[in-house]
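S.K.: Just passing along the structure, written as structure tokens.
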Amino acid sequence: MHTHTSQRGFVALISVIIIAAVLLLVVASSGLTSFYSRFNTLDAELKARSEGVADACVDYALVQLALGSDPSGSTLSLNAIDECRIGAMTGSSQITFRVQATSSDQAVTNLQIVVNGGDLSVVSWAEIATF
């Protein structure tokens, strides 16, 4: 009889160890998930910022064109982490140019813009892979 009681204690001990290990894994994985989701949220925020900077840069380029200036090669620093560059202007009846905006060097937005040379109305506005 004594052997049977000690086996029950052993089974209970092993069960507790297995349950504790499973719970530890569940808690650790949920902690890592929330840790990584913070970085995903930060990436999304920086991408939204770089898109806003790119939009502002296009507006600046269009204003410069309306004033008769060529904004090609301009670099604009909006604050400590947001910056944009305006590429070369090509064409006359339809002017094509590219804009690259960065937010903290992690998020980049590259746009290719085509505008009507006469009234500067936007013909095409597309995000592209490279500047």
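The numbers here are math on the coordinates, done by the rules we state, and not lab data. Quick caveat: nothing in here was measured; it's all calculated off a predicted structure. For neighbour counting, all protein chains shown are included, and Cβ atoms are generated from backbone atoms with ideal geometry for every residue, glycine included.
S.K.: Kindly evaluate residue 60 against the criterion of being of a type outside the set (S, T, N, Q) and without any contact (Cβ under 8 Å) to a residue 12 or more places away in the chain.
M.R.: Details: of a type outside the set (S, T, N, Q): yes; without any contact (Cβ under 8 Å) to a residue 12 or more places away in the chain: no.
Spelling it out, it is not the case that residue 60 is of a type outside the set (S, T, N, Q) and without any contact (Cβ under 8 Å) to a residue 12 or more places away in the chain.
S.K.: Assess whether residue 63 counts as being in contact with a Phe, Trp or Tyr (Cβ under 9 Å, 6 or more places away or on another chain) and closer than 24 Å to residue 122 by Cα. Walk me through how you get there before you give the answer.
M.R.: Numbers: in contact with a Phe, Trp or Tyr (Cβ under 9 Å, 6 or more places away or on another chain): no; closer than 24 Å to residue 122 by Cα: yes.
For residue 63, the condition - in contact with a Phe, Trp or Tyr (Cβ under 9 Å, 6 or more places away or on another chain) and closer than 24 Å to residue 122 by Cα - is not met.
S.K.: On to the next question. Confirm whether residue 40 is exposed (fewer than 15 other Cβ atoms within 10 Å of the Cβ) and in a helix (DSSP H, G or I). Break it down stepwise before answering.
M.R.: Numbers: exposed (fewer than 15 other Cβ atoms within 10 Å of the Cβ): yes; in a helix (DSSP H, G or I): yes.
In short, yes.
S.K.: Right, next: Considering only region 63-81, how many residues are hydrophobic (A, V, I, L, M, F, W, C), surrounded by 10 or more Cβ atoms within 10 Å (Cβ to Cβ) and closer than 16 Å to residue 53 by Cβ?
M.R.: Going residue by residue through region 63-81, those that are hydrophobic (A, V, I, L, M, F, W, C) are 63, 65-67, 76, 78, 80-81.
Imposing the further condition that a residue be surrounded by 10 or more Cβ atoms within 10 Å (Cβ to Cβ) reduces the set to 63, 65-66, 76, 78, 81.
Now restrict to residues that are closer than 16 Å to residue 53 by Cβ: 63, 76, 78, 81.
Qualifying residue count for the region: 4.
S.K.: Any residue in region 41-52 that is at positive phi sitting within a Cβ distance under 8 Å of a residue that is among the polar types (S, T, N, Q) and assigned to a helix (DSSP H, G or I)? List the pairs, counting only those 6 or more apart or interchain.
M.R.: Hits for this filter: zero, empty list.
S.K.: For region 92-105, give me each residue that is among the small types (Gly, Ala, Ser), surrounded by fewer than 16 Cβ atoms within 10 Å (Cβ to Cβ) and under 20 Å from residue 130 (Cα atoms).
M.R.: So the first thing to find is which residues in region 92-105 are among the small types (Gly, Ala, Ser), and the list is 92-93, 101, 103-104.
Narrowing the set further to residues that are surrounded by fewer than 16 Cβ atoms within 10 Å (Cβ to Cβ) leaves 92-93, 104.
Once the filter is applied, which keeps residues that are among the small types (Gly, Ala, Ser), surrounded by fewer than 16 Cβ atoms within 10 Å (Cβ to Cβ) and under 20 Å from residue 130 (Cα atoms), region 92-105 yields only 104.
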